[in-house]
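*Asks:* Here's a structure for you.
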Amino acid sequence: MIGFANLFLIGFALDGAISLLDDLVRVGSDPTPISALRVGVALAVLCAALGSFCLLAFDPRMPKRILLPLIAFLAWCALGAYPLSTGLDSAQTGGLALSAIQLGLALGALGWIRMRSTTHHWLLHASDLPSKQPRIGYTLRFAVATAVIAPPLLAGIAGLSLLAQIERETAGFMTFDLTGINATAREYHREDQRIDLIGMAHIGDDDAYRALFESFAGQSTLLLEEGVSDEQGLIGEGLFYEMLAGRIGLDVQPSFDALLAAMPASDTGVPMPDIRNADVDARVFSEDTIAVLGAAARLYQSDRLAPALKQFQATLDALGPDATQTAFRDLIDNRNAHLLAEIRTSLDDYQRIIVPWGALHLPGIEDAILEWGFEQTASRQHRITAYQTILAALLSRDAAR
């Protein structure tokens with residue numbers, strides 16, 4: 001048992017050293033000659049960490065103060081390393097920081113062992129460990145403590161990492177604070193022209209979308225609406241969000257035409273914007289993209305999440321990784337190119353262009369309009385929904401069962 005724990009310590013240190021070296025010599029995202037070795041060592045160390053955790057449960061001699069921090073660090077990294085992963089400028093910088101922390105933890109653990117060892121060992125030795133024998137009571141207490149503490153802690157870290165990843169992927173056009181979910185609206189100006197980019201989520205509180213639309217009033221203003229048309233019926237019923245929204249107590253984002261029709265006549269003399277769909281028709285999508293959309297539609301509409309997720313993943317596996325890349329290119333890159341053409345053309349006729357699109361689209365749109373000479377002049381948050389609304393809906397569903 002002591003030998004296995006020492007192998008974990010050596011592997012942890014070696015993993016940190018190899019990872020740090022790989023990050024230091026890496027240029028961009030291209031792999032280096034030692035990247036494959038890094039992956040192999042990391043997988044072996046993760047397996048050894050699981051074994052070492054089991055040792056802690058059965059052998060009371062194992063030093064928890066040394067092994068648990070290293071195991072916890074690996075679990076934290078596996079779950080996204082929040083908030084360090086989102087607080088740095090790039091993934092490469094984050095990887096370098098994590099590698100340095102891992103090597104520092106390894107050296108600290110080895111130094112602690114050396115300092116506490118009466119025989120001046122750098123690794124665990126039987127003579128330096130307490131003479132305790134395995135006991136059923138000890139193992140049961142360890143198991144109960146793990147069952148009580150670990151699941152909510154790991155779930156919390158994973159959840160925070162997921163939210164942080166969404167913020168990173170949307171460049172902050174979708175954000176999460178302590179009380180709810182927010183859409184970010186940013187203004188960009190070039191001389192007397194203005195473009196507003198607003199991150200959308202397709203579901204939220206109906207009142208929030210109505211208030212957002214009312215803020216769009218202004219002269220010479222055009223709203224470019226998102227929404228893939230399907231004139232040939234290629235994607236069937238499409239991506240309806242009603243079932244998903246209903247489960248968590250939210251509303252589907254209404255069309256802006258519907259919001260405009262429901263608004264009373266303004267007595268201020270300030271007109272609401274013109275509205276134009278700036279999206280593509282499904283006929284421009286590849287067969288792989290149509291298949292992915294069909295699988296996603298079935299997932300959204302299913303009332304049994306676990307089997308629907310399994311079926312969705314099975315569809316993606318059958319299509320292969322190239323299909324997923326093709327779908328991303330069709331659904332994000334190609335639609336962005338179409339939207340940018342619409343924005344450029346519309347600037348000839350309007351002073352202000354409003355683009356309330358899905359938050360994943362907007363980082364690319366932002367990069368493009370900045371290249372056109374626009375400069376960001378303002379940013380503000382719009383509340384989409386509060387966590388309290390979602391929690392109340394989930395609790396009411398559980399109570400109904």
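*Asks:* Among the listed residues Asp322, Asp330, Asp348, Asp317, identify the single one that is modelled with pLDDT of 90 or more and part of a helix (DSSP H, G or I).
*Replies:* Just one listed residue meets the conditions, Asp330.
*Asks:* Right, another one. Please go through the range 187-214 and give me each residue that is small (Gly, Ala, Ser) and either without any contact (Cβ under 8 Å) to a residue 60 or more places away in the chain or surrounded by 15 or more Cβ atoms within 10 Å (Cβ to Cβ) (or both), ordered by number. Even if it seems obvious, please write down each step before you answer.
*Replies:* Narrowing the range 187-214 to residues small (Gly, Ala, Ser): 199, 201, 204, 208, 211.
Passing the criteria: Gly199, Ala201, Gly204, Ala208.
*Asks:* Here is a follow-up. Can you list the helices (runs of 4 or more DSSP H) found entirely within the range 37-138 that contain at least 3 residues being under 26 Å from the mean Cα position of the chain (by Cα) and among the hydrophobic types (A, V, I, L, M, F, W, C)? Steps first, answer last, please.
*Replies:* Values: elements: 64-78, 84-87, 91-116.
Counting at least 3 such residues, we get 64-78, 91-116.
*Asks:* Right, something else. Test each condition in (1) part of a strand (DSSP E or B); (2) farther than 23 Å from Ile203 by Cβ; (3) open to solvent by 40 Å² or more (accessible area, probe 1.4 Å) for Arg380 and report the one that comes out false.
*Replies:* It fails just one condition, (2).
*Asks:* Given the criterion open to solvent by 90 Å² or more (accessible area, probe 1.4 Å) and either within 20 Å of Phe173 (Cα to Cα) or touching a residue at least 12 places away in the same chain (Cβ under 8 Å) (or both), identify the matching residue among Glu375, Glu366.
*Replies:* Working: Glu366 fails: open to solvent by 90 Å² or more (accessible area, probe 1.4 Å).
The match here is Glu375.
*Asks:* If you scan the range 288-324, which residues turn out to be of a type in the set (S, T, N, Q), closer than 28 Å to Leu394 by Cβ and open to solvent by 50 Å² or more (accessible area, probe 1.4 Å)? Break it down into steps so the answer makes sense when it comes.
*Replies:* We begin by selecting, within the range 288-324, every residue of a type in the set (S, T, N, Q); these are 289, 301-302, 311, 313, 315, 324.
Filter again for closer than 28 Å to Leu394 by Cβ, leaving 301-302, 311, 313, 315.
Answer for the range 288-324, where residues must be of a type in the set (S, T, N, Q), closer than 28 Å to Leu394 by Cβ and open to solvent by 50 Å² or more (accessible area, probe 1.4 Å): Gln301, Gln311, Gln313.
*Asks:* Can you list residue pairs whose Cβ atoms sit under 9 Å apart, with the first residue in the range 32-44 being without any contact (Cβ under 8 Å) to a residue 12 or more places away in the chain and the second being open to solvent by 60 Å² or more (accessible area, probe 1.4 Å) and not in a loop (DSSP other than H, G, I, E, B)? Count only pairs 6 or more apart in sequence or on different chains.
*Replies:* What qualifies is Thr32/Leu21; Thr32/Val25; Pro33/Val25.
*Asks:* Which ones in the range 114-147 are closer than 18 Å to Pro63 by Cβ, in contact (Cβ under 8 Å) with a residue 60 or more places away in the chain and among the aliphatic types (A, V, I, L, M)? Spell out how you get there, then give the answer.
*Replies:* Just the residues of the range 114-147 that are closer than 18 Å to Pro63 by Cβ, to begin with: 114-135, 138-139, 141-142, 145-146.
Keeping just the survivors that are in contact (Cβ under 8 Å) with a residue 60 or more places away in the chain gives 123-126, 129-135, 138-139, 142, 146.
Answer for the range 114-147, where residues must be closer than 18 Å to Pro63 by Cβ, in contact (Cβ under 8 Å) with a residue 60 or more places away in the chain and among the aliphatic types (A, V, I, L, M): Leu123, Leu124, Ala126, Leu129.
*Asks:* Also, I was wondering about something else. What number of residues in the range 107-127 are in contact with a helix residue (DSSP H, G or I) (Cβ under 7 Å, 6 or more places away or on another chain), modelled with pLDDT under 90 and either under 22 Å from Ile18 (Cα atoms) or surrounded by fewer than 13 Cβ atoms within 10 Å (Cβ to Cβ) (or both)?
*Replies:* Summing the residues that are in contact with a helix residue (DSSP H, G or I) (Cβ under 7 Å, 6 or more places away or on another chain), modelled with pLDDT under 90 and either under 22 Å from Ile18 (Cα atoms) or surrounded by fewer than 13 Cβ atoms within 10 Å (Cβ to Cβ) (or both) in the range 107-127 gives 5.
The values are calculated or read from the model by the stated rules, or taken from the named source; none is laboratory data. Fair warning: this is a prediction, and the values are worked out from it, not measured in the lab. Note: ideal-geometry Cβ built from the backbone for every residue, glycine included; neighbour counts use all protein chains shown. For accessibility, only protein heavy atoms count, side chains too; no ligands or nucleic acids. Shrake-Rupley method; radii C 1.70, N 1.55, O 1.52, S 1.80 Å.
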